[in-house]
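J.: I am attaching a structure below and will ask some questions about it afterwards.
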Amino acid sequence: MTKPTKAPKAERSAAKIAFDLLTAEDDGRVCKDIPESACRDQPQNFLIHVISLSLTKAADGFINPKLVLSWILTAMGAPGFFVGLLVPVREAGALLPQLFIAGFLRSLPLRKYAWALGSFVQGACAAGIALAALLLRGFELGLAVVGLLALLAVARSVCSVSYKDVLGKTVGKSRRGTATGTASTVAAAVVILYALTISSGMFEKQYLVIVGLFMAAGFWLLSSVLFLSLTEEKGATEGGGNPFAVAKEHLGYVFSDGQLGLFILTRGLLIATALAPPFMVALQAQDVREGVAGLGWLLLASALASLCSSYVWGRLADVSSRKVLMLSGACAGVALLLTVLCARLDWLRETWQLPVLLFGLMVAYEGVRLGRSTHLVDMANPDKRAAYTALSNTVIGVLLLLGGVFSVVAKVYGEVTVLAWFCGMSFAACLSASRLREVQSED
């Protein structure tokens, strides 16, 4: 009867070692803003967060709609109309439902189950996309992929709303950015290996990409099971109810909390970092994008940016998420400015030039992702955290849909004009972020 008590002890010891290694040199705010019982379980919960997020982020890299799914549809004869739908469906579909989903999730005292369900559905959708790529072609393939991607995006929205609340209840304020940053770094390393395998030309790329989709499905399913082992305290359930009534109530937060409005403005300007990559790729010579290694190099640039910067951004976000958002906006502005100048001077003829610029932009994008996530979790009190997350994500979802206008602008005035506009948005975001509070230094 003694072994069952020793096994958890050894398990916690391993988790504690990993926790101490990853969060070394922090101050004494180990359990700031989480209950004492949650503090006791924090090392184990921290490790579960890192592993679960590493799996889901790697899955995101394997199924990347901007690169992987668009390549699959193009290579397998799907109409260009479906290719153009991938990014709007994926991004807006993951954000727009959140304001309504939050009303239901708020009624759940334990929200880890919602995240696990969302991850499970994403895994099932990824498996469906892989099967469609094996069995279908042309219009049928495009319809199946876009439909499954829409369902995957809605499941992702459930994960997004519930995750920040679970993270806020299980990991202390000075550790959250480190958890997400570490996961991004681990996932990036996995995606880099995958990208190098594709780029090597040693395997048939079409089937290797499909294998990657099945692996993504497995990652999501595994993370779903693992996340259920989190030790989560029951949260407040007041305010749960009719989704439309709750959504109306949430909209009032924009006007009652000036910092939330300023945060949404900053994040809205920083969508330039998400919208810019397709326009940058459009500047590249056609032969660079069509080669056997083309998809691999694009994935490699994105994954390397995450690997090199995610952990650092996460640690910096634990100190000052405000400054991370400022610095990310400035870095994105510089990368886009250099892209515009190089395009004007006709300096983008070599195959390596645009990937280097894209790498710089993706470094900034990683900072935006980690900075905005950490800032929102630390800014909101526990009772409003899910509502703030859903509200900000829904507003950004609307803006991303409106971002389709930039495609029209690009057709009329060219990609360089659009990138110049994104450059201005990034620098403006740097200025607006400077007016945010230093939420990490607040008691």
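J.: Answer yes or no: is there a residue in segment 402-421 that is under 27 Å from residue 100 (Cα atoms), among the small types (Gly, Ala, Ser) and either surrounded by fewer than 19 Cβ atoms within 10 Å (Cβ to Cβ) or in contact with a helix residue (DSSP H, G or I) (Cβ under 7 Å, 6 or more places away or on another chain) (or both).
T.: Let us first name the residues in segment 402-421 that are under 27 Å from residue 100 (Cα atoms), namely 402-405.
When the remaining residues are screened for being among the small types (Gly, Ala, Ser), the result is 403-404.
Add one more test, that the residue is either surrounded by fewer than 19 Cβ atoms within 10 Å (Cβ to Cβ) or in contact with a helix residue (DSSP H, G or I) (Cβ under 7 Å, 6 or more places away or on another chain) (or both), and what stays is 403-404.
There is at least one residue in segment 402-421 that is under 27 Å from residue 100 (Cα atoms), among the small types (Gly, Ala, Ser) and either surrounded by fewer than 19 Cβ atoms within 10 Å (Cβ to Cβ) or in contact with a helix residue (DSSP H, G or I) (Cβ under 7 Å, 6 or more places away or on another chain) (or both).
J.: If only one of 171, 154, 186, 190 is touching a residue at least 40 places away in the same chain (Cβ under 8 Å) and either farther than 18 Å from residue 54 by Cβ or in contact with a Pro (Cβ under 7 Å, 6 or more places away or on another chain) (or both), which one is it?
T.: Of the residues listed, the single one that is touching a residue at least 40 places away in the same chain (Cβ under 8 Å) and either farther than 18 Å from residue 54 by Cβ or in contact with a Pro (Cβ under 7 Å, 6 or more places away or on another chain) (or both) is 154.
J.: Output the number of the condition that residue 330 fails; it satisfies all remaining conditions of (1) in contact with a Cys (Cβ under 7 Å, 6 or more places away or on another chain); (2) hydrophobic (A, V, I, L, M, F, W, C); (3) assigned to a loop (DSSP other than H, G, I, E, B).
T.: (3)
J.: Do we have any residue at all in segment 208-215 that's assigned to a helix (DSSP H, G or I), under 15 Å from the mean Cα position of the chain (by Cα) and not acidic (Asp, Glu)?
T.: Narrowing segment 208-215 to residues assigned to a helix (DSSP H, G or I): 208-215.
Filter again for under 15 Å from the mean Cα position of the chain (by Cα), leaving none.
Among the residues of segment 208-215, not one is assigned to a helix (DSSP H, G or I), under 15 Å from the mean Cα position of the chain (by Cα) and not acidic (Asp, Glu), which makes the answer no.
Per-residue answers, yes or no, for (1) of a type in the set (D, E, K, R); (2) without any contact (Cβ under 8 Å) to a residue 12 or more places away in the chain:
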residue	(1), (2)
346	yes, yes
353	no, yes
393	no, no
400	no, no
420	no, no
437	yes, no
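J.: Might you let me know whether segment 303-323 holds any residue that is without any contact (Cβ under 8 Å) to a residue 60 or more places away in the chain and β-branched (Val, Ile, Thr)?
T.: Among the residues of segment 303-323, not one is without any contact (Cβ under 8 Å) to a residue 60 or more places away in the chain and β-branched (Val, Ile, Thr), which makes the answer no.
J.: Let me ask something else about it. Enumerate the pairs (first residue in segment 81-108 and in contact (Cβ under 8 Å) with a residue 24 or more places away in the chain; second residue anywhere and among the basic types (Lys, Arg)) with beta-carbon separation below 7 Å, excluding pairs fewer than 6 apart on the same chain, so at least 6 apart or on different chains.
T.: These pairs meet every condition: 87/66; 94/156; 105/111.
J.: Further question: Given the conditions (1) at pLDDT 70 or above; (2) assigned to a helix (DSSP H, G or I); (3) in contact with a helix residue (DSSP H, G or I) (Cβ under 6 Å, 6 or more places away or on another chain); (4) buried (at least 20 other Cβ atoms within 10 Å of the Cβ), and given that residue 246 satisfies all but one, which numbered condition is not satisfied?
T.: (1)
J.: Report, ordered by the first and then the second residue, all pairs with beta carbons closer than 6 Å, sequence separation of six or more or different chains, a first member in segment 53-73 that is within 15 Å of residue 185 (Cα to Cα) and in contact (Cβ under 8 Å) with a residue 40 or more places away in the chain, and a second member that is among the charged types (D, E, K, R) and assigned to a helix (DSSP H, G or I).
T.: none
The values are calculated or read from the model by the stated rules, or taken from the named source; none is laboratory data. Predicted, not measured: the structure shown is a model, and the values here were computed from it. When we count neighbours, we look across all protein chains shown, and the Cβ atoms used for this are built from the backbone with ideal geometry, even at glycine.
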